[in-house]
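The block underneath contains the structure these notes are about, expressed in C-alpha cells.
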Amino acid sequence: MRVDRFLSNLPRYNRQQVRLLLVEKRVRIDGKVVSDPHSEVLEFSCVEVDDEVLQVGKAARYFMLHKPPGCVSATRDPQHPTVLDLIDEPDKDDLHIAGRLDFNTTGLMLITNDGAWSRRLTQPQTKLPKVYYVETEQEIGAQYAITFAEGIYFAFEDLTTQPAQLELLGPRSARLSIVEGRYHQVKRMFGFFNNKVLRLHRESMGLLHLDNALKPGEYRALRTEEIHLF
C-alpha cells in the first residue's frame, strides 16, 4: 500500500495532514525517512511518525514441513492434530499454510506469516507445478497419461482439469505433476478409472523439493534462496 494511503486510512489524519507530514519529512518506513507519497508500506514494514510507531515491523517467516499422515492441514481442529501443532515457534498463531494437503496425504508443506508470498504460491493463475508420488490399488494403464494430459471433467465443479503429466514408475506407482489444487484432485483423477489411491506424497512445489533430511513431522526454516524461488 502507498504510504499516503496507509496514513490517510488512519482516523487521526486527513489527506492534507498526510501531505504535510511527508513534506516535513516526519514519516519513516523501516527507519528511513520518506517524503514520496508513493513509497510502499509492506505487511512487515515498521511505520513511524515523529518517533511514534504506527505499525510494528515484524520478521517474515517461512518454514518447510514434512507432513505426516493423520494430520489436518489447518491452524485449529477440535478433533485431530494439526500441522501447526508440529511447529514449535514463538507467535505461531501468526502462521498459516500455503497449499493444503489431505488428512492422510504426506510430504511437502509450506508454512509462513507472509500473506503476499503464500498467495503467489496458491493463486490459480500462477499455475505452480506440484509433483506427487502416487501408489494405487490397481495397475495404472497407458491410457491414464493420455487422459490426464487431455484433462478430466469434474461435474461437481463443472470444469475440466488442467493438463497433467504422469510418469509411470511401476505397475501401481507413478509420479504426477499438476498445476491445480482442486478438492481431492489426485484421488478423483485416478477415481475416473475406478482406481483407488493408497498412498499420496507431495515431493515438490515449483522448484522447491522436500528436504530428504526431514523425517515425517519435522520442519526447518527455508533458506533465502528457497524463499526467492516463488
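Where a number appears in this text, it was derived from the coordinates with a stated rule and is not lab data. Source: prediction; values computed, not measured. Note that we place each Cβ from the backbone using ideal geometry, even for glycine, and neighbour counts take in every protein chain shown.
For the reader, a short list of remarks on this structure follows.
- Test: residue in the stretch 214-221 that is loosely packed, with under 13 Cβ neighbours inside 10 Å, touching a residue at least 40 places away in the same chain (Cβ under 8 Å) and part of a loop (DSSP other than H, G, I, E, B): yes
- Within the stretch 72-90, residues that are closer than 12 Å to ILE111 by Cα and free of Cβ contacts under 8 Å to residues at least 60 places away in the same chain sit with their Cβ atoms under 6 Å from residues that are surrounded by 15 or more Cβ atoms within 10 Å (Cβ to Cβ) and hydroxyl-bearing (Ser, Thr, Tyr), at 6+ positions apart or across chains, in these pairs: ALA74/THR82; VAL83/SER73; LEU84/THR75.
- From THR112, THR75, residue being surrounded by 13 or more Cβ atoms within 10 Å (Cβ to Cβ) and farther than 30 Å from ARG5 by Cα: THR75
- The stretch 28-50 - residue that is of a type in the set (A, V, I, L, M, F, W, C) and in a loop (DSSP other than H, G, I, E, B) and, of those, surrounded by the most Cβ atoms within 10 Å (Cβ to Cβ): VAL41
- Of the residues making up the stretch 37-71, those that are of a type in the set (Asp, Glu) and touching a residue at least 24 places away in the same chain (Cβ under 8 Å) are GLU40, GLU43, ASP50.
- Some residue of the stretch 193-200 being surrounded by fewer than 13 Cβ atoms within 10 Å (Cβ to Cβ), under 20 Å from PHE103 (Cα atoms) and touching a His at 6+ places or on another chain (Cβ under 7 Å): no
- Some residue of the stretch 83-98 being part of a loop (DSSP other than H, G, I, E, B) and of a type in the set (Val, Ile, Thr): yes
- Criterion (under 30 Å from LEU214 (Cα atoms) and surrounded by 11 or more Cβ atoms within 10 Å (Cβ to Cβ)) met by exactly one of ASP85, ASP91: ASP85
- Residue within the stretch 132-143 that is of a type in the set (S, T, N, Q) and within 30 Å of ASP88 (Cα to Cα) present: no
- Flag if GLU139 is touching a Pro at 6+ places or on another chain (Cβ under 6 Å) and part of a loop (DSSP other than H, G, I, E, B): yes
- Test: VAL18 is part of a strand (DSSP E or B), more than 26 Å from ARG119 (Cβ to Cβ) and not polar (S, T, N, Q): no
- On inspection, ARG202 qualifies as in contact with a strand residue (DSSP E or B) (Cβ under 9 Å, 6 or more places away or on another chain), in a strand (DSSP E or B) and among the basic types (Lys, Arg).
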